[in-house]
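Scroll down for the structure; my scribbles are underneath it.
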Amino acid sequence: MSDETTRPYAGLTPEVVLDALESTGLRGDGRLLALNSFENRVYLANLEGAAPDEGFAARSVVAKFYRPARWSDAQIGEEHAFARSLAELEIPVVAPQMLSGRTLHEFAGFRFAVYPRCGGRPPELEDPNVLEWIGRFIGRIHSLGAAAPFRERPALDLEGFGKLPRDWLLANANLPAELKEVWRSVADQALDGVRVAWERAGRVATIRLHGDCHVGNILWTEPDARRGASGGPHFVDLDDARSGPAVQDLWMLLPGERAVAEKSLAALLRGYERFFEFDRGELCLVEALRTLRLLHYAYWIARRWDDPAFPAAFPWFGTQRYWEDRIQELREQISAMQDPPLAC
């Protein structure tokens, strides 16, 4: 296996990060802070020119270095174009900066993009007003997302998020011998349930999505009159942007308990449907999409296992207990997919 696969960021030293930024015209002052990211490598970089008493990150940018060989240049370009189109409509999405006439750069074999630093805290999803506010912006994202398709980015579908992970894990993940056939059988039943859910949903429209719209990718800020900032949510990390059903960008914001989830969904949709019509038939897909995410998550960790960051972050992966828990999880999903869809 190549170093690109086994140690994809071995050559990404602090000096390379700073030199990469300088190649775009941004000169760092030497201070870097690695941000939480496993798929890519992301750094908060302080730039020269900040006053000494302003503190770290007073004048700074976020540099995102893409995992080699995951996306093509064209696929990254579609992500960037989508984000910038949303930002131009004053939808609060953190979009890559245009530097020297482009958003995607390359240095020392690494592709990277530069983003403005946008802080914030997690939104309070227990508050229906917060959910309605978030729903308004997701509706606006989807309104633009439905206007044209992705041509390079893949879709969220049964094949890529279900069958491929199942087959790859069976062939490569070294499941415990006594659990392998059990996991295979349960995974097959779960994928049958996903297929039935899609049939029940009927003709589902496929639009451009954020793709990974969970609470960790929404940051909340308070109004700041001095800076002219209105506050509220802003959306980060469109790295998983792809085509799929609209409900994909809604279900991860819902709590687990059904009655509370239905109230939260109603609040989200009050805001959402001010800008984009939601097809209630897609509610049949909520547990199916959760099932695909669970299968794909195990596959994602297994595929990245040769990256030293992954064994350090997921030491429990691949153990007997891990696969027993995944089997139980899939059994619960098989049952959940047979329940009536959420009502709102």
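The values are calculated or read from the model by the stated rules, or taken from the named source; none is laboratory data. Just so we're clear, the structure is a prediction, and the values are computed from it rather than from any experiment. For neighbour counting, all protein chains shown are included, and Cβ atoms are generated from backbone atoms with ideal geometry for every residue, glycine included.
If you go through the range 238-253, how many residues are in contact (Cβ under 8 Å) with a residue 60 or more places away in the chain and either basic (Lys, Arg) or in a loop (DSSP other than H, G, I, E, B) (or both)? Step through it out loud before you land on a result.
Narrowing the range 238-253 to residues in contact (Cβ under 8 Å) with a residue 60 or more places away in the chain: 238-239, 241-246, 248-250, 253.
From what is left, the residues that are either basic (Lys, Arg) or in a loop (DSSP other than H, G, I, E, B) (or both) are 238-239, 241-242, 245-246, 253.
Qualifying residue count, the range 238-253: 7.
Here LEU219 meets the list (1) of a type outside the set (D, E, K, R); (2) outside any loop (DSSP other than H, G, I, E, B); (3) under 16 Å from GLU287 (Cβ atoms) almost entirely, failing just condition (3).
Among the candidates PHE150, PHE137, PHE161, PHE112, single out the residue that is aromatic (Phe, Trp, Tyr) and in a loop (DSSP other than H, G, I, E, B).
PHE150
Within the range 267-309, the set of residues being assigned to a loop (DSSP other than H, G, I, E, B) and under 19 Å from the mean Cα position of the chain (by Cα) comprises just one member, ARG304. Is it true that PRO123 is within 17 Å of the chain's Cα centre (by Cα), outside the structural domain of ALA95 (by TED's automatic domain parsing) and not in a helix (DSSP H, G or I)? Judged against the criteria, PRO123 is a match. Pick from the range 217-272 the residues that are among the basic types (Lys, Arg) and out of contact with any Gly (no Cβ under 8 Å at 6 or more places or on another chain): which of them is modelled with the lowest pLDDT? Only one residue tops the list, namely ARG227.
Contact map, the range 63-86: first residue over 18 Å from ARG140 (Cα atoms) and loosely packed, with under 15 Cβ neighbours inside 10 Å, second residue of a type outside the set (S, T, N, Q) and at pLDDT below 95, Cβ cut-off under 7 Å, separation 6 or more or different chains; pairs are ALA69/GLU4.
Among the residues making up the range 144-201, those that are touching a Cys at 6+ places or on another chain (Cβ under 7 Å) and crowded, with 18+ Cβ neighbours inside 10 Å are ALA197, ALA201. Within the range 40-57, being of a type in the set (D, E, K, R), at pLDDT below 95 and crowded, with 16+ Cβ neighbours inside 10 Å holds for no residue. Within the range 257-276, the only residue that satisfies the criterion of being of a type in the set (Asp, Glu) and either touching a helix residue (DSSP H, G or I) at 6+ places or on another chain (Cβ under 9 Å) or not assigned by TED's automatic domain parsing to the domain that holds GLN189 (or both) is GLU273.
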